Structure formats: C-alpha cells, structure tokens
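Written out below as structure tokens is the structure these notes cover.
The values are calculated or read from the model by the stated rules, or taken from the named source; none is laboratory data. Keep in mind that this is a model prediction, so the values were computed, not measured. Ideal geometry is used to build each Cβ from the backbone, glycine not excepted, and the neighbour counts take in all protein chains shown.
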Amino acid sequence: MKLRDRVCIVTGAAMGIGRAIALRLAREGANVVVADIDFEQANNVVDEIRALKRKAIAVKVDVTDSGAVKVMVKSTLGEFGKIDILVNNAGQSAREMRTSFCESTEEVWDFTINVNLKGTLHCCRAVIPDMMQKQTGKIVNIASRCGVFGCVGQADYSAAKAGVIRFSDVLAKEVASYGINVNCICSAPIETRDTASFSEEEIGILKNRTGWGWLGKPEDIAHMVAFLVSDEAKFISGQSFMVSGPFP
C-alpha cells in the first residue's frame, strides 16, 4: 500500500469524483476525512472506507466558509494528529444557471467563484501550516479543461478554474522549500450526477470531444490523484495535468 497510514482530506467527497478519490486513497492504505456539505451521504462513504479496513470520519463543511474549513482541519488533527494530503475536489459549475456572460448575474458569479476558487484557497490556507511544520505534504487541486480552453456558457466557471490552475502553480513555488508538493488536475467531462442531467445532444457533443466517443469515469481522476500524492511523484510539483482524451 503506497499510502499506508497517511491522513487525507478529500473535499466534495460524498459522491462522484470525490467519492472515487476517497475510496482509491483508502485502498492505498490511507485514512480519509470525507468532507462534504452533504453530511448524510459523506457518512455513507465513510462506511465504504471502513469496509476496506481503513479509518475514516465524515465532516460537514461548506468550503466557501473559512470558519467551517478551519473546524474541518481542527477535527482532522484532533482525530488523526496530522494531515498528509489535501485533495480540493469540492466545486460546482452552476450548470443549471448556465447562460452567456452578458445574461449572467453577479449572484451566479459569486457562487461559482466562491465554491471553486475561494474554497480551494480556504482549504489550502488552513492545512499548510501543519504541513510546513512537518516539512512534508501533498496537495492536489481539481480544476477543469474549462480553465485551460474555456467553455462557452460558463465564463465564470472557466475563470474560476483558470484561477485554480495559476494558484496551484504559484503556491507550489512558495511552499517547495517546506517539502510540500502542489499539483493540479484538469479533467474533461466525467460521468457524474451532473452529466446525468444533460440532454442526449449535449452528451453526444461531450463524447465526441474526447476523441474516443465516451466520457471518463470518476475513477480515471482518482487514479491520477493516487499517483500525485504518492512518493513516486515526489519530484513533480507546480504542474497541471489534463486527464482527458487527445482532443481539447
């Protein structure tokens, strides 16, 4: 097990990509904090992890609330005494409010930027002091292909995810001397609860964009996370990785 007894916080871990990441890290031997605003579903994931004979706790957290994030970190340190890995997966594209930028509202901008960008900043800021003290740590921030190429109808989401990418790059430079690795994953569309609500035409377009004619699975992102937080990736930091088909 590559991550035996390491302590991981995974945000947005109650379902979809976050759940897949939490389970993948547990299979590698990690103890996992399942952090999500949906506390009931987070506890279900905890049960799955414990069935793998690993330790896990659920923490209810809204990553847009810096106070709640600090409580999450305090709870983790109280339970496990350390934080080795942070995966910032919590995010939302507000697809149900998707529209052209000229028709969008400030309320939607704030929601999208707060969840995707500020949530990532809050969590990183909260865990880094412990990692700096230990002189080691791994952070993986989940961005999106929209942050690289831009997605029509999602200007605010694209901007927020682009911010996550550049933030990850700069943070990696700032904490390198403390032995902390920071990397970013830019995923293509993945089969999740969000894509299940798309029309058949929208799904067809997304599938064609991969070049393979099918969408990725949450486990595809989880496999990449497991590598980046392992010792095998100790010389990799400040990088953004596209996990997608060959086409943008």
Study note, to complete from the structure: When segment 34-70 is checked residue by residue, the ones that are in contact (Cβ under 8 Å) with a residue 12 or more places away in the chain, under 22 Å from I113 (Cα atoms) and hydrophobic (A, V, I, L, M, F, W, C) are A35, I37, V61, V63, V69
Practice item. Would you check if V71 is in contact with a strand residue (DSSP E or B) (Cβ under 7 Å, 6 or more places away or on another chain) and among the hydrophobic types (A, V, I, L, M, F, W, C)? Key: no
Review point. Name the pairs whose Cβ atoms lie under 9 Å apart, with the first residue in segment 1-15 and in contact (Cβ under 8 Å) with a residue 40 or more places away in the chain, the second among the basic types (K, R) and assigned to a strand (DSSP E or B), and 6 or more positions between them or separate chains?
Key: R6/K138; C8/K138
Check your understanding: Can you pull out the residues in segment 105-116 that are surrounded by fewer than 22 Cβ atoms within 10 Å (Cβ to Cβ) and hydrophobic (A, V, I, L, M, F, W, C)?
Key -> V108, W109, F111, I113
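Do we have M97 as surrounded by fewer than 22 Cβ atoms within 10 Å (Cβ to Cβ), at pLDDT 95 or above, touching a helix residue (DSSP H, G or I) at 6+ places or on another chain (Cβ under 9 Å) and aliphatic (A, V, I, L, M) here?
On the way: surrounded by fewer than 22 Cβ atoms within 10 Å (Cβ to Cβ): yes; at pLDDT 95 or above: no; touching a helix residue (DSSP H, G or I) at 6+ places or on another chain (Cβ under 9 Å): yes; aliphatic (A, V, I, L, M): yes.
Considered against the rule, which asks whether it is surrounded by fewer than 22 Cβ atoms within 10 Å (Cβ to Cβ), at pLDDT 95 or above, touching a helix residue (DSSP H, G or I) at 6+ places or on another chain (Cβ under 9 Å) and aliphatic (A, V, I, L, M), M97 comes out as no.
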**Study point:** Criterion: under 23 Å from S240 (Cβ atoms), of a type in the set (G, A, S) and in contact with a Ser or Thr (Cβ under 8 Å, 6 or more places away or on another chain) - qualifying residue of A22, A13, A90
**Key:** A90
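Examine segment 134-148 for a residue that is in a helix (DSSP H, G or I), modelled with pLDDT of 95 or more and surrounded by fewer than 19 Cβ atoms within 10 Å (Cβ to Cβ), and state whether such a residue exists. Walk me through how you get there before you give the answer.
Of the residues in segment 134-148, the ones in a helix (DSSP H, G or I) are 134, 146-148.
Filter once more, keeping what is modelled with pLDDT of 95 or more: 134.
Subset that is surrounded by fewer than 19 Cβ atoms within 10 Å (Cβ to Cβ): 134.
Checked against the condition, which is being in a helix (DSSP H, G or I), modelled with pLDDT of 95 or more and surrounded by fewer than 19 Cβ atoms within 10 Å (Cβ to Cβ), segment 134-148 yields at least one hit.
Being more than 21 Å from V10 (Cα to Cα), surrounded by 14 or more Cβ atoms within 10 Å (Cβ to Cβ) and either without any contact (Cβ under 8 Å) to a residue 12 or more places away in the chain or under 15 Å from the mean Cα position of the chain (by Cα) (or both) is true for just one of C102, C124, C184, C151. Which residue is that? First the steps, then the outcome.
Numbers: C102 fails: surrounded by 14 or more Cβ atoms within 10 Å (Cβ to Cβ); C124 fails: more than 21 Å from V10 (Cα to Cα); C184 fails: more than 21 Å from V10 (Cα to Cα).
The conditions single out C151.
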Study note, to complete from the structure: Taking segment 154-169 and keeping only residues that are touching a residue at least 60 places away in the same chain (Cβ under 8 Å) and surrounded by fewer than 21 Cβ atoms within 10 Å (Cβ to Cβ), one is left with I165, D169
